[in-house]
Amino acid sequence: MTTWAPDVLGDDYEQLTIPLGLDPDGEGQVRATLVRSRRAPATPRGAVLYVHGFTDYFFQRHLAEHFVDRGYAFHALDLRKCGRSLDEGQSPHFVSDLELYDEELNRALAVVREETGAPVLVAAHSTGGLIVPLWLDRLEHAGGSAAAGVAGLILNSPWFDLQGPPLVRSVGTVALGVLGKVAPKRDLPGMGLDTYGSSISAQARGDWSYDLSWKPLAGFPIKLGWIRAVRRGHARLHRGLDVGVPSLILRSKVTRFSKQYIPEVDAADAVLDVRQIARWAGCLGNRTTVVPVEGARHDVFLSTDEPLARAFHELDAWLDDHEARAAATVGGDAATGGDHAEMATGA
């Protein structure tokens, strides 16, 4: 598992296959794929492990380059059945339990730590922003996120709750729990809007180029068993987690849902309800900084130029503070940041 190969992103990137054995959900052999930037400094000040969301994979070179320019080694993980890790005959992104991802997350973290010897910032987007805090909470209770080498958490529009009216989250969740257990691979009806995809893709109305077979405009079908797993993850989050490290949450300032592309979705989250992100942000535990970014899209790092610049400014401000706290920590224990809770707002 130590042979790096050329990656689809070009000469500056390499990929490593992480075999995971037989799929517990019955879809054959599964694997994850770790991507790294070859531009990383020989002695990095830290490392980043990035985790994507649903109907997504890592392609954001500009995000990797930003971290590398700050002196960080950058890695990204395509989870099982996602992006580079999707094999023929598999249901894209399908798992029956989000805890299954712990295997590739643990193994990817181990590779990053072995290669860099540096403390790791874990960054995650959307559904990844739910998967990763749940994983870190389990790490914390098993011996400590900091002890495992994690120094901080950066979430980009994390999926903290199910959007829609309250009835969907109450009665609807009960129904999803039953149906997801009985018919886990049946598609959830009524999905498939291309609003967000059209806003970001250079093949539609956006500016970003990526593989539409790995990230289709209208998204992959949502399976009942997968959404059941997500709702169980939401419930666990809502009871309160302890990720064990300081967190930054970046999100758009407003939500704008639409059944078709309209210019307004270029300056809003067209996927998640940002009020839910604000509501549940305090459930992470430890020091949490929440920053709404004016004009940002669902993936704040796929926003138009001005909000993208604001998002990077906010990221850098948090990194500056995080690095200063780490340097000031007696004995070099830079990961925990104490138990102080901080909620910051502003664009």
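The values are calculated or read from the model by the stated rules, or taken from the named source; none is laboratory data. Quick caveat, the model's predicted, so the values are computed rather than measured. Cβ coordinates were reconstructed from backbone atoms using ideal geometry, including for glycine residues, and neighbour counts include every protein chain displayed. For accessibility, only protein heavy atoms count, side chains too; no ligands or nucleic acids. Shrake-Rupley method; radii C 1.70, N 1.55, O 1.52, S 1.80 Å.
Under the rule of -39500 (n - 2.57) per DSSP H run of 4 or more residues, summed and divided by the residues of the chain, what mean residue ellipticity at 222 nm is obtained, to the nearest 500 deg cm²/dmol? Could you put the intermediate results ahead of the total?
Details: 9 runs with 107 residues, N = 347.
Helix-only estimate at 222 nm: -9500 deg cm²/dmol.
Put simply, the amide H of A32, placed in the peptide plane, has neighbours under 5 Å in I18, L20, leaving out anything fewer than 5 places away on its chain.
In a shell of Cβ-Cβ distance under 10 Å around E27, excluding E27 itself, what net charge do Lys and Arg (+1) and Asp and Glu (-1) give? Numbers along the way, then the final one.
Values: positive: R80, K81, K185; negative: D23, D25, D87.
With Lys, Arg at +1 and Asp, Glu at -1, the net is 0.
Annotation for region 250-304 versus region 214-241: alpha-carbon center distance of 17 Å. Packing around the peptides 177-190, 290-303, taken as the average count of other Cβ atoms within 10 Å per residue, puts them in this order, highest first: 290-303, 177-190.
Thinking of region 65-115 as a set of Cα atoms, what percent of all their pairs are more than 15 Å apart? Before the final figure, lay out each step's value.
On the way: 741 of 1275 pairs.
Distances greater than 15 Å cover 58 percent of the Cα pairs.
The solvent-accessible area of L155, taken with every protein chain present and a 1.4 Å probe, is close to 0 Å².
The residues of the chain present an accessible area of 41 Å² per residue when probed at 1.4 Å with all protein chains retained. Restricting the calculation to alpha carbons of region 233-275 gives Rg and Dmax of 14.4, 40 angstrom. Using C-alpha pairs under 8 Å with a sequence gap of at least 6, the mean separation divided by the residue count of the chain gives a relative contact order of 14 percent. Between D320 and A5, the contour length at 0.36 nm per residue exceeds the alpha carbon distance by 110.1 nm. Shape index of region 65-217: Rg/Rh, with Rg the Cα radius of gyration and Rh the Kirkwood radius from the inverse mean 1/r over Cα pairs, equals 0.99.
What net charge is computed for the residues neighbouring G206, neighbours being all others with C-beta under 13 Å from the C-beta of G206, Lys and Arg scored +1, Asp and Glu -1? Spell out each step's value before the answer.
Details: positive: R205, K215, R297; negative: D194, D207, D266, D299, D305.
Charge balance near G206 sits at -2.
Computed over region 106-156, the alpha-carbon pair-distance distribution with 5 angstrom bins reads 5, 21, 31, 27, 14, 2, each value a whole percent.
Note on region 181-302: with neighbouring protein chains present and a 1.4 Å probe, carbon and sulfur make up 51 percent of its accessible heavy-atom surface. If you find the alpha carbon centre of region 90-116 and of region 181-207, how far apart are they in angstrom? Each part reduced to its Cα centre gives a spacing of 24 Å.
How many lysine pairs in the chain, separated by 8 or more positions in sequence or lying on different chains, have Cα atoms less than 28 Å apart? Taking the Cα cut-off of 28 Å, the pair count is 14.
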